[in-house]
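I have placed the structure first, in the form of structure tokens, so that the comments after it can refer back to it.
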């Protein structure tokens, strides 16, 4: 399974979420893709200032901060 973080390069909240996810990757089996919303007009319009957003496919798991409980619940639901 691959999780996607929609982010911006100058966003400290994005950096914090990505760092937290990298820590969790060691104990979980998920891939991580980081997408800069500023590189795509459609994504920039969709997310605006509401970054970072953690998603799995079309399912949005959390935004602004890494919600570990929501992520764990999502991962459990996929097993």
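Quick notes on this one:
- Among the conditions (1) without any contact (Cβ under 8 Å) to a residue 12 or more places away in the chain; (2) under 14 Å from the mean Cα position of the chain (by Cα); (3) surrounded by 12 or more Cβ atoms within 10 Å (Cβ to Cβ), residue 8 misses just one, which is (1).
- Meets criteria (surrounded by 15 or more Cβ atoms within 10 Å (Cβ to Cβ), assigned to a loop (DSSP other than H, G, I, E, B) and modelled with pLDDT of 95 or more) for residue 51: yes
- Count of residues meeting criterion [without any contact (Cβ under 8 Å) to a residue 40 or more places away in the chain and within 22 Å of residue 77 (Cα to Cα)] in the range 27-56: 5
- Test for residue 24: is it buried (at least 16 other Cβ atoms within 10 Å of the Cβ) and touching a strand residue (DSSP E or B) at 6+ places or on another chain (Cβ under 7 Å): no
- Contacts under 8 angstrom Cβ, first residue in the range 14-26 being at positive phi and part of a helix (DSSP H, G or I), partner surrounded by fewer than 17 Cβ atoms within 10 Å (Cβ to Cβ) and modelled with pLDDT of 95 or more, 6 or more apart: none
- Filtered residues of the range 27-48 (kept if outside any strand (DSSP E or B) and touching a strand residue (DSSP E or B) at 6+ places or on another chain (Cβ under 7 Å)): 30, 37, 43, 47
The values are calculated or read from the model by the stated rules, or taken from the named source; none is laboratory data. Nothing here was measured: the structure is a model prediction, and the numbers come from that model. Cβ: placed from backbone, ideal geometry, glycine included. Neighbour counts: every protein chain shown.
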